[in-house]
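Structure first, commentary second.
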Amino acid sequence: MTAIEPRSEYIKRTEKMTKNRSITIGAGIGLTLVAALWLAVSPYLTLHRMQRAVAAKDAQTVTSYVDFDALRENLKQQTALEIARKVARDGKSPEAAKNAVAGVNAMIDAFVQPTLITMMLSDTRSSNNPIGGKIVGEDVSVRRSGLTQFEVSGSKGGAVVFQMRGLGWKLVGIRPAAAR
């Protein structure tokens, strides 16, 4: 009778390992599906929440959806590139370009603030609104640029760029119509 006991213990242990493996695989598949669903739906949830905050002129909530450091850097890079193009086209000195970039960078640092971003995004008719419409609506489109970035573009051709930060999304760039 003792010779049978070890074999039955082995079978029990094997059955338990198989059951644990099935649970682990099932949990892995479940987590993968949840992650995929989150990646697909979360941009729209962010845009909806941001639209409500902009409509309410709630600068504090809008601020929570903006990475101001990344946005400032994005605008500085675009501006420096545009200034370099104009300097090369007009035959001006590189020193003039450096001075212009320094001045514009200081302006960007001063103006890219929560209240001004909220005003810009809420004024749908203004030439200051890069997408020419609401952040979410019939006149805009959402386009993914990989797993961790998407763009919202509008009727004027400009776009606002969002990147994943943690489990949420932050506005990190504005692309005027001419820059796209």
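The values are calculated or read from the model by the stated rules, or taken from the named source; none is laboratory data. Treat the numbers as computed from the prediction; the structure is a model and nothing was measured. Reconstructed Cβ throughout: ideal geometry from the backbone, glycine too, with neighbour counts over all protein chains shown.
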Report task. Please indicate, with yes or no, whether at least one residue in the stretch 43-55 is assigned to a loop (DSSP other than H, G, I, E, B) and surrounded by 15 or more Cβ atoms within 10 Å (Cβ to Cβ). Result -> no
Query raised in the report: Hey, any hits in the stretch 140-148 for a residue that's modelled with pLDDT of 80 or more, within 17 Å of MET50 (Cβ to Cβ) and outside any strand (DSSP E or B)?
Result: no
Requested in this report: Might you check whether a residue that is of a type outside the set (Phe, Trp, Tyr), closer than 25 Å to SER145 by Cα, at pLDDT below 85 and assigned to a helix (DSSP H, G or I) occurs anywhere in the stretch 15-23?
Outcome: no
Requested in this report: Answer yes or no: is there a residue in the stretch 13-29 that is surrounded by 12 or more Cβ atoms within 10 Å (Cβ to Cβ), on the phi < 0 side of the Ramachandran plot and of a type in the set (S, T, N, Q).
Outcome: no
